[in-house]
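Q: Here's a structure for you.
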């Protein structure tokens, strides 16, 4: 007897269809007759809020075997999922083998990654919680939070005003940093990443625009407190060189890794693979426009798909880390005004703001750059208020800090 037939009979015997609805769709039923029967049971349930009787199903589908099933619905759900995954993977391998002969390795790998992500999505389980049954666990969680210094329950960004409002970047969150091209988004992200690392968190920094050594130079200048352009151009003073060597010696025995990676191509599956490879506490992606959408969306739809999948990925119980994504705002935004871009200024896709838990905007006018200042603000915060701060942006000394005034 097939798993699909057994599952349908378990539904009818136990009068349980809700667990099936939560975990399966009609497409999990590969046999056409089984699929028809399941859709009939589903429609009946929607109309009458119960499952049909066995005689009714037997009457409607004379070629389908109806019987009392002893095993539990949950058991057969897992068997159907297993069968569907096996069928999907078999089809993918067969298609991949054919594609390998026609298109070569790169195209085949891209195809297989997309198929694998699709299979992973199918086996994900929903998470339900009865709050009346988890009172003890929630109290323990609160006590843990209350004992944490300065209320920081997430990964700190290094800006006291922001950390006070957000309590850090939290597992499962998607954080977007937005700003005009060349305004300093990447440097700000590197500053956040460096502060997370200093606090003892393992960082994964996926760079799609700059080289790995360029990101490392920014990290070095911020952590060693030396002139970034001097480091970049090989023009460190003797004093700076001494500080740099001292810092590098300090860095060698450090146990907490800071991983910078520049993949040759990057889509949702590549991000997931890198996270699974390195197991970071926080992941930065610089930036959204240079990612490829494995769902093959175009323009704004592609960005929407990417952001949606990254948000889902961040909250997956097997990932469960903050993911920080950099995105551009429209070039039409007025550079001359001392204001922050808002979420409606985000280039190409409003989904960046919709799916983000936290949106941090940054901007600096020409005059502000001359004064080594940048305006940074929270433009969306699911769990708190929006704030802004003025940063003192002194890259000559490798320092970024909140200024005394807003």
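Q: Suppose a student asked you for the relative contact order of the chain, using Cα pairs under 8 Å spaced at least 6 residues apart; what percent would you report?
A: Worked out over the chain, it gives 15 percent.
Q: If you don't mind, there's one more thing I want to ask. Could you tell me the distance between the Cα centroids of the range 377-399 and the range 352-374, to the nearest Å?
A: 7 Å
Q: Based on alpha-carbon centroids, what's the gap between the range 14-42 and the range 224-277 in Å, whole number please?
A: Cα centroid of the range 14-42 versus Cα centroid of the range 224-277: 52 Å apart.
Q: Taking other Cβ within 10 Å of each residue's Cβ, how do 279, 228, 363 sort, fewest first?
A: 279, 228, 363
Q: Would you mind classifying the range 215-363 by shape? Square roots of the alpha carbon gyration tensor eigenvalues, ordered a ≥ b ≥ c; an a/c under 1.5 is rounded, otherwise it is prolate if a/b is larger than b/c and oblate if not.
A: oblate
Q: If the chain between residue 252 and residue 301 were fully stretched, how many nm would it gain, using 0.36 nm times the residue separation less the Cα-Cα distance?
A: Result: 13.3 nm gained on full extension.
Q: Using a 7 Å offset from Cα along Cα-Cβ at residue 54, what residues in the range 1-18 end up with backbone N under 16 Å from the label point?
A: Counting only backbone N, you get 5-16.
Q: Taking neighbour Cβ counts within 10 Å as the exposure measure, how do 278, 344, 170 sort from fewest upward?
A: 344, 278, 170
Q: Next up: Just one of [x] 35; [y] 12; [z] 25 is percent of Cα pairs over 39 Å apart calculated from these coordinates, so which is it?
A: Read-out taken from this structure: [x].
Q: Taking 8 Å as the Cα distance limit and 6 or more residues as the minimum spacing, I'd like the relative contact order of the range 3-123 as a percentage.
A: Rounded, it is 31 percent for the range 3-123.
Q: Let me ask something additional. Based solely on its DSSP helices, what 222 nm [θ] is calculated for the chain when runs of n ≥ 4 H residues each add -39,500 (n - 2.57) and the sum is averaged over all residues, nearest 500 deg cm²/dmol?
A: -15000 deg cm²/dmol
Q: Moving to a separate point now. If I take R0 = 25 Å and measure r between the Cβ atoms of residue 292 and residue 87 in this structure, what FRET efficiency does the formula 1/(1 + (r/R0)^6) give, to the nearest 0.05?
A: The computed FRET efficiency comes out at 0.40.
Q: Next question. For each of 54, 351, 291, 1, count neighbouring Cβ atoms within 10 Å of the residue's Cβ, then give the residues from fewest to most.
A: 1, 54, 351, 291
Q: Additional query: So how much slack lies between residue 237 and residue 79, counting 0.36 nm per residue of separation and subtracting their Cα-Cα distance, in nm?
A: 50.2 nm
Q: Roughly speaking, what is the stretch gain from residue 39 to residue 22, that is 0.36 nm per residue apart minus the C-alpha to C-alpha distance, in nm to one decimal?
A: 4.7 nm
Q: Let me ask another. Relative contact order of the range 146-295, please, whole-number percent, based on alpha carbon pairs below 8 angstrom and at least 6 residues apart.
A: Contact order relative to length: 27 percent.
Q: How far apart, in nanometres, would the label points at residue 396 and residue 135 be if each is projected 7 angstrom from Cα along the Cα-to-Cβ direction?
A: Using points 7 Å along Cα→Cβ, the separation is 6.2 nm.
Q: First check a/c for the range 168-220, with a ≥ b ≥ c the square roots of the eigenvalues of its C-alpha gyration tensor; if it is under 1.5, answer rounded, and if not, answer prolate when a/b is larger than b/c or oblate otherwise.
A: Since a/c reaches 1.5 but b/c is at least a/b, the shape of the range 168-220 is classed as oblate.
Laboratory data are not the source of any read-out in this text; all were calculated from the coordinates shown. The model shown is predicted, which means the values in this text are computed figures rather than measured ones. Every residue, glycine as well, gets a Cβ built from its backbone with ideal geometry; the counts of neighbours run over all protein chains shown.
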